[in-house]
Amino acid sequence: MSQYRYQGRDPSGALVKGTLEANSEGAAMEQLMRKGVIPLQLEPYNERQRLKWQALLQPKVPTAVLLLVTRQLQSLTKSGVPLLQALAGLAEGQDNQLMKATLVDLREQLVQGFSLSAAMNKHPRVFNPLYVAMVHVGENTGNLDEAFGRLYQHIEQETATKRQIQAAMRYPTIVVTVIAIAMVVLNILVIPKFASMFAKFGAELPLPTRILIGTSDLFVNYWWAMLLLLFASVVSVRAYLTTDTGRYRWDRYKLRQPILGSLISRATLSRYCRSLAMMLRGGVPINRALQLVSAAVDNHFFEQRIVAMRRGIEGGESLLRVSGQSQMFTSLVMQMISVGEATGRLDELLDDAAEFYDREVDHELKGLTAKIEPIMLAVVAVMLMVLALGIYLPMWDMFSAVQGR
């Protein structure tokens with residue numbers, strides 16, 4: 001038997017690591033699944049690990065590519081095409097190199113006796129835990145085509161929401177970028193010329209002018225230090241955000257922002273409701289579904305709340321009670337959950353809750369530009385005022401001195 005090193009999530013949602021013995025990697029995967037551990041990494045313990053820079057630097061598969069492959073897999077499995085033949089055909093016609101290599105590897109793993117979900121679990125850069133879990137449910141129930149169909153609808157809705165958010169943020173991003181470029185050009189090219197002109201008169205300069213000249217000197221003489229500081233700051237922040245504490249605090253901060261916080265919160269809750277409905281409709285037990293959904297919401301703050309809900313479910317409490325204790329949902333959504341539990345139509349009511357949040361997100365996105373425009377105008381006005389005062393105040397003083405006033 002060989003030893004394998006693993007890393008995954010236990011039934012409580014906590015990160016666990018360890019080693020185990022098994023005859024093959026597939027057997028090790030099955031051991032972990034029986035223990036309720038969702039494996040995130042599994043590798044031979046005695047093999048020498050090599051750092052694959054190409055894999056680390058390679059971008060993730062675009063959502064559009066994953067959406068198309070999911071749709072094709074649904075059509076092929078629904079038509080009764082064997083998986084080996086379906087994966088081989090998809091790999092031949094795939095342009096994305098990472099997805100092509102993944103499909104080839106999936107076929108090889110199936111030939112070796114692995115299940116499709118176990119093979120997909122080895123490619124976390126392509127398939128997230130929610131995707132793998134739904135495929136696993138489809139395999140066990142014999143409804144793999146339905147699982148791919150639900151995944152397609154889920155990914156399509158997620159993509160539409162992201163596009164809406166990106167479209168709403170396009171205008172503020174352009175404005176901020178233009179302002180930043182303008183500030184750099186002014187500090188490097190324009191202000192130094194005025195500074196040399198003011199220096200010839202030797203007069204005492206007003207405070208706005210001294211601020212502009214000092215900022216310009218910083219850009220011209222210490223640009224290398226500013227770039228070094230910026231690089232160090234970015235590296236430090238990214239390193240901090242990789243920690244559990246950093247992710248938790250950053251995700252909580254995003255939800256408390258004045259304008260975007262409400263939008264992010266509703267978009268996350270929509271993803272939670274839709275993902276949970278999909279899992280319940282697929283026959284996943286609610287405690288297991290909550291564990292998988294907690295990793296799919298992409299927000300560490302909400303993830304901790306959902307993990308706490310899961311623990312309450314396992315303690316014998318109802319979904320309605322733990323949902324109320326989480327303080328994440330509006331009263332309308334709480335009523336939907338209550339009716340869903342009472343009627344046995346929880347998945348349908350959760351879909352309705354997701355649509356409710358989607359409508360609120362759409363409404364807020366339409367008014368987002370109107371909310372941000374006054375802030376952008378105020379920022380531009382303050383910058384123009386500082387520039388005008390810094391440049392024209394000493395010029396007025398010079399004109400007054402020339403006229404003998």
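Relative to the longest principal Cα axis of the chain, at what angle does helix 346-402 sit, 0 to 90 degrees, rounded to 10?
In the chain, helix 346-402 runs at an angle near 20 degrees to the longest axis.
Each label point is 7 Å from the Cα along the Cα-to-Cβ direction; what then is the distance between the points at Thr215 and Ala27, in nm?
Here the answer is 6.8 nm between the modelled labels.
Helix 244-255 versus the longest principal axis of the chain: what is the Cα-based angle in degrees, 0 to 90, to the nearest 10?
The helix 244-255 is inclined about 70 degrees to the chain.
Have a look at the chain and give its Rg and Dmax from the Cα atoms, expressed in angstrom.
28.1, 98
Calculate for the chain the 222 nm mean residue ellipticity that helices alone would give, adding -39,500 (n - 2.57) per DSSP H run of length 4 or more and normalising by residue count, nearest 500 deg cm²/dmol. Before the final figure, lay out each step's value.
Numbers: 18 runs with 299 residues, N = 405.
Roughly -24500 deg cm²/dmol at 222 nm, from the helical runs in the chain.
Quick one: helix 300-314 against the long Cα principal axis of the chain, what's the angle to the nearest 10°, folded into 0 to 90?
Rounded to the nearest ten degrees, it is 30.
Under 11 Å from a point placed 7 Å out from the Cα of Ile259 along the Cα-to-Cβ direction: which residues of the stretch 346-380 have their backbone N that close?
367-379
What does the net charge come to around Thr102 if you take all other residues with beta carbon closer than 12 Å to its beta carbon, with K and R at +1 and D and E at -1?
Values: positive: Lys60, Lys100, Arg107, Lys122, Arg125; negative: Asp105, Glu108.
Its environment carries a net charge of +3.
How large is ³J(HN,Hα), in whole Hz, for each residue of the stretch 98-110 in order, when computed from phi with the Karplus curve 6.51 cos²θ - 1.76 cosθ + 1.60 and θ = phi - 60°, using x for Gly and Pro?
Residue by residue, the stretch 98-110 yields 5, 5, 4, 5, 5, 5, 5, 5, 4, 5, 4, 5, 5 Hz.
With the calculation restricted to Cα positions, what are the radius of gyration and Dmax of the stretch 61-127 in angstrom?
Answer for the stretch 61-127, Rg first and Dmax second: 11.0, 30 Å.
Straight-line reach from Lys122: which lysines have a Cα under 24 Å away, not including same-chain ones fewer than 8 places off?
Result set, ordered by chain and number: Lys17, Lys35, Lys52, Lys60, Lys100.
Where the centroid of each part is defined by its Cα atoms, how far is the stretch 274-290 from the stretch 222-250 in Å?
Cα centroid to Cα centroid, the span is 37 Å.
Over all distinct alpha-carbon pairs, what is the Kirkwood Rh of the stretch 351-390 in angstrom?
Every distinct Cα pair counted, the radius reaches 12.4 Å.
Rounded to the nearest whole Å³, what is the per residue volume of the convex hull around the Cα atoms of the stretch 160-297?
Per residue, the Cα convex hull of the stretch 160-297 comes to 153 Å³.
A short reminder: the numbers here are calculations on the coordinates, not readings from a lab. Since the model is a prediction, treat every value here as computed from it, not as a measurement. Every residue, glycine as well, gets a Cβ built from its backbone with ideal geometry; the counts of neighbours run over all protein chains shown.
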